[in-house]
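Chemist: I have a structure here, written as structure tokens, and I will follow up with some questions on it.
The values are calculated or read from the model by the stated rules, or taken from the named source; none is laboratory data. Since the model is a prediction, treat every value here as computed from it, not as a measurement. We place every Cβ from the backbone using ideal geometry, glycine too, and count neighbours over all the protein chains shown.
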Amino acid sequence: MKIELLSIFDGLFSVNTKEKKQETSTAKIFMTYTHTNSGRTLMIEEEDYAVWAYLLSIDKEEIDFEGFICAVINPRFSDVKSYKNTRERRDAPLPAIYANRYSYVKNLKKKDIKIHWQEEYVTIFIKKRVYLIMDLNSKTSYSRGLADDCDYGKRLKS
């Protein structure tokens with residue numbers, strides 16, 4: 001009887017352990033990469049509705065410029081129209097009018113993201129496809145996830 005109770009007890013705890021593992025697998029993406037030659041740091045962070053890349057200033061005190069990588073919530077089902085303020089866009093879904101078939105990446109994982117740094121630009125890949133190019137000279141971001149140029153950045157033309 002004692003062995004049966006222990007096996008039931010173990011079974012219950014193993015179920016709880018599996019649930020906890022599932023919860024941690026949905027953790028938000030956060031990555032940093034510091035370029036060895038320039039000393040510049042790039043941060044990739046998943047916000048509530050989208051994944052953004054931030055290039056920090058040389059002293060790492062502030063964001064030099066940023067780029068929209070993709071949405072983590074499908075913008076086609078959003079009723080958001082547009083945003084005037086740059087700060088508001090990080091806290092709201094991408095307006096559907098700026099969305100295309102690349103805007104939303106379902107089940108994005110940290111391992112799906114790769115960074116390629118060159119002297120004049122940084123390229124961010126998702127699943128081996130270019131999703132964002134950040135031009136370091138003009139401080140302009142070109143995103144595959146945008147259907148048109150807007151406050152989120154410029155559209156990356158194929």
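Chemist: Evaluate segment 86-102: report whether one residue or more is loosely packed, with under 10 Cβ neighbours inside 10 Å, under 23 Å from ALA147 (Cβ atoms) and at pLDDT 80 or above. Can you show your working first?
Modeler: Quick first cut of segment 86-102, residues loosely packed, with under 10 Cβ neighbours inside 10 Å only: 87, 101.
From what's left, under 23 Å from ALA147 (Cβ atoms): 87, 101.
Right, trim to at pLDDT 80 or above and you get 101.
Checked against the condition, which is being loosely packed, with under 10 Cβ neighbours inside 10 Å, under 23 Å from ALA147 (Cβ atoms) and at pLDDT 80 or above, segment 86-102 yields at least one hit.
Chemist: Here's something else I'd like to know. Modelled with pLDDT of 95 or more, hydroxyl-bearing (Ser, Thr, Tyr) and closer than 20 Å to ILE29 by Cβ: is that true of THR140 in this structure? Reasoning before the result, please.
Modeler: Numbers: modelled with pLDDT of 95 or more: yes; hydroxyl-bearing (Ser, Thr, Tyr): yes; closer than 20 Å to ILE29 by Cβ: no.
Answer is no for this residue.
Chemist: Report, by residue number, each residue of segment 103-126 that is at pLDDT below 90 and part of a strand (DSSP E or B). Show your work before the answer.
Modeler: Applying the first criterion (at pLDDT below 90) to segment 103-126 yields 119.
Within segment 103-126, none qualify.
Chemist: Quick one: count up the residues across segment 61-78 that are out of contact with any Phe, Trp or Tyr (no Cβ under 9 Å at 6 or more places or on another chain) and at pLDDT 90 or above. Let's see the steps before the verdict.
Modeler: Kept after step one, since they are out of contact with any Phe, Trp or Tyr (no Cβ under 9 Å at 6 or more places or on another chain), are these residues of segment 61-78: 61-62, 77.
Adding the requirement that they be at pLDDT 90 or above leaves 62.
Result for segment 61-78: 1.
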